[in-house]
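To start, the structure under review is shown below, and the notes come after it.
We did not get these values from a lab; they are worked out from the coordinates using the rules stated. These figures come from a predicted structure and were not determined experimentally. Ideal geometry is used to build each Cβ from the backbone, glycine not excepted, and the neighbour counts take in all protein chains shown.
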Amino acid sequence: QVQLVESGGGLVQPGGSLRLSCAASGIGFSLYAMNWHRQAPGNQRELVASIGSSGNINYADSVKGRFTISRDNAKDTVYLQMNSLVPEDTAVYYCNARWMSDDYWGQGTQVTVSS
């Protein structure tokens, strides 16, 4: 059974930081591209950051220079370090694993940026 379990969300003040984690099980983690998406109320889900199996990384323009994605294949875990958070970063953040026709999603973790 495939599971992607996100953690690390919460309430943070503007300018603060959070580190999201996504622990995967039931997949050959190192083969998968790992992605973080987010969805704010009333908005479509958007891709925030991705890291390929070879380590290639891409970011949405809105988070470049503030967010850092990384992966630890020994722990089957992908991370999203989020710095200099702004209220517009408020959303549910979802972990996503893709390889060939496989496309798995976590349940999401809420990030709220507010004073």
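Worth pointing out:
- Peptide packing for 96-105, 54-63 was compared via the average number of neighbouring C-beta atoms within 10 Å per residue; ordered from the highest value, the list is 96-105, 54-63.
- Charge dipole of the chain about the Cα centre (unit charges at C-beta), most positive-ward option of TYR104, ASN83, ASN35: ASN83
- Note on the chain: with charges restricted to the Cβ of Lys and Arg (+1) and Asp and Glu (-1), its dipole about the Cα centre is near 160 debye.
- Under 15 Å, Cβ to Cβ, from GLY26 - net charge with Lys/Arg +1 and Asp/Glu -1: -1
- Additional length obtainable on full extension of the chain from SER7 to LEU47, 0.36 nm per residue less Cα span: 12.6 nm
- Simple spin-label estimate for GLN39 and LYS64 gives 2.7 nm between the two label positions (7 Å along the Cα-to-Cβ direction from each Cα).
- Rounded FRET efficiency, nearest 0.05, which uses the C-beta distance separating SER17 from ILE57 and R0 of 25 Å: 0.85
- If a spin label sat at a point 7 angstrom from the Cα of THR112 along the line to its beta carbon, the backbone N atoms of the stretch 21-55 nearer than 18 Å would be those of 39-43.
- Residue-span extension gain [SER101 to ASN73] - 0.36 nm each, minus C-alpha spacing: 8.0 nm
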